[in-house]
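Below you'll find the structure, written out as structure tokens, and then a few comments.
None of the figures in this text is laboratory data; all of them are computed from the coordinates on show. Keep in mind that this is a model prediction, so the values were computed, not measured. Note that we place each Cβ from the backbone using ideal geometry, even for glycine, and neighbour counts take in every protein chain shown.
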Amino acid sequence: MKKILITGGAGFIGSHLLKLLIRKYPDYHMVNLDKLTYAGNLENLKSIENASNYTFVKGDIVIRDFIQKLFEEHQFYAVIHLAAESHVDRSILAPNEFIETNILGTFNLLHAAKTTWNEKDEHIFYHVSTDEVFGSLGESGYFLETSSYDPRSPYSASKASSDHLVRAYFHTYNLPVKISNCSNNYGPYQFPEKLLPLMINNIKNEKPLPVYGRGLNVRDWLWVEDHAAAIDEIFHRGSFGETYNIGGKNEWKNIDIVTKLCQIMDQKLGRETGESAGLITYVKDRAGHDQRYAIDPSKLENDLGWSPSLTFEEGLEKTVDWYLENEEWMNRVTSGAYKSYYEKQYTKREA
């Protein structure tokens with residue numbers, strides 16, 4: 001069986017990708033490497049944790065010797081690298097963690113691949129990145145694969161640096177790499193520091209809904225399972241050395257999303273129309289807050305035939321339903337109890 005290393009597989013996007021690949025490709029053996037930080041949650045993988053073609057390894061990509069030994073032991077056919085510190089607000093408060101994980105961690109993986117892979121053999125190093133590396137757009141235009149990088153936060157700067165490292169290893173060492181840059185993801189199992197699950201949880205509990213500035217910043221939104229499907233296509237059929245932009249063609253102002261969520265939640269919770277909107281609270285804008293992101297995914301659509309499966313309205317409804325039906329999950333991750341709970345589960349499985 002070909003072994004594929006998935007870094008960050010217990011995270012939001014990684015867990016959806018793992019569930020897709022494990023079920024779709026029984027001839028692959030997926031090795032999930034995750035540090036299990038606050039956003040890494042093994043409960044996200046409960047449905048496949050006992051699959052015969054799945055192995056979980058707890059570890060940190062920042063530890064070079066550990067990564068080197070892991071590559072030597074497993075002789076991976078391929079890597080899909082998702083592990084990253086990803087929340088912009090946290091990068092403003094603690095940029096060092098983002099530099100270490102997103103830049104040094106990526107370097108360690110690249111170095112291990114370079115030193116353990118034989119150039120004559122078939123391999124793939126797939127690096128998953130973000131549209132935030134391109135900076136901020138005006139009222140018109142779209143990010144293309146050829147757009148210049150202009151990162152504005154420690155998070156986006158660290159991801160831009162990792163993108164450049166991956167390309168350097170392709171051009172300098174002929175490492176077989178592929179890169180994708182994706183817009184905002186949403187859907188089940190997203191940690192509630194992100195906009196949608198945060199607002200859903202606060203609306204449900206009648207807490208303030210903090211909106212930066214006047215809420216006029218625009219983002220492009222993509223259903224997380226559509227992102228996983230795009231990664232699958234690029235991994236198997238994308239060209240080496242190429243970058244592919246993944247976007248949902250769903251541009252929404254933050255305030256419009258929050259207002260829409262309030263309408264959906266009022267209906268589902270049996271509240272008066274407009275009741276939840278009264279919780280909206282405008283707060284001081286985030287430092288260096290990019291005004292607008294919008295991705296043109298034409299290359300991915302034309303070259304590989306991928307397209308989003310859901311409209312944003314459809315995905316939003318499904319997302320709200322999932323969080324309302326999974327109160328236990330939300331209560332655990334918001335209370336902090338999930339950490340000790342899953343450490344016990346992991347220890348039990350290891351024993």
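A compact table of results
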read-out: Backbone HN-Hα couplings from phi across region 19-29 [Karplus 6.51/-1.76/1.60, Hz, Gly and Pro as x]; value: 4, 5, 5, 5, 7, 7, 10, x, 7, 9, 10
read-out: Under-5 Å amide H pairs with L209, H placed in peptide plane, nonlocal only; value: I280, T281
read-out: C-alpha long axis of helix 337-350 to longest principal axis of the chain, angle in °; value: 30
read-out: HN-Hα J in Hz across region 131-144 - Karplus 6.51, -1.76, 1.60, θ = phi - 60°, x for Gly and Pro; value: 6, 5, 5, 7, x, 10, 9, x, 6, 10, x, 9, 6, 10
read-out: Anchor K3: lysines whose Cα lies under 24 Å away (excluding residues fewer than 8 positions away in-chain); value: K19, K24, K35, K46, K58, K69, K114, K120, K178
read-out: Average silhouette area of region 137-184, convex hull of alpha-carbon atoms, in square nanometres; value: 4.1
read-out: Kirkwood Rh (inverse of mean 1/r, distinct Cα pairs), region 1-40, angstrom; value: 10.2
read-out: All lysines inside 22 Å of K249 as judged from Cα atoms, apart from same-chain residues fewer than 8 positions distant; value: K194, K260, K299, K318
read-out: Largest-first principal axis extents of the Cα set of the chain (Å); value: 64, 51, 38
read-out: Among I92, I61, I200, residue whose mean-square fluctuation peaks in a GNM of the chain (springs only between Cα atoms under 10 Å); value: I92
read-out: Cleavage-rule hits (GluC sites (Glu not before Pro)) in region 126-206: DSSP loop, at most 13 neighbouring Cβ within 10 angstrom; value: E139, E206
read-out: Whole-Hz ³J(HN,Hα) from phi, Karplus 6.51 cos²θ - 1.76 cosθ + 1.60, for region 57-70, glycine and proline x; value: 10, 8, x, 10, 5, 6, 8, 4, 4, 4, 5, 4, 5, 4
read-out: Cα long-axis angle, helix 224-237 against the chain (0 to 90 degrees, to the nearest 10); value: 20
read-out: For region 155-300, alpha-carbon Rg relative to the globular expectation (2.2 N^0.38 Å, N residues); value: 1.26
read-out: Mean ellipticity per residue at 222 nm, deg cm²/dmol - from DSSP H runs of n ≥ 4 across the chain, formula -39500 (n - 2.57); value: -13000 deg cm²/dmol
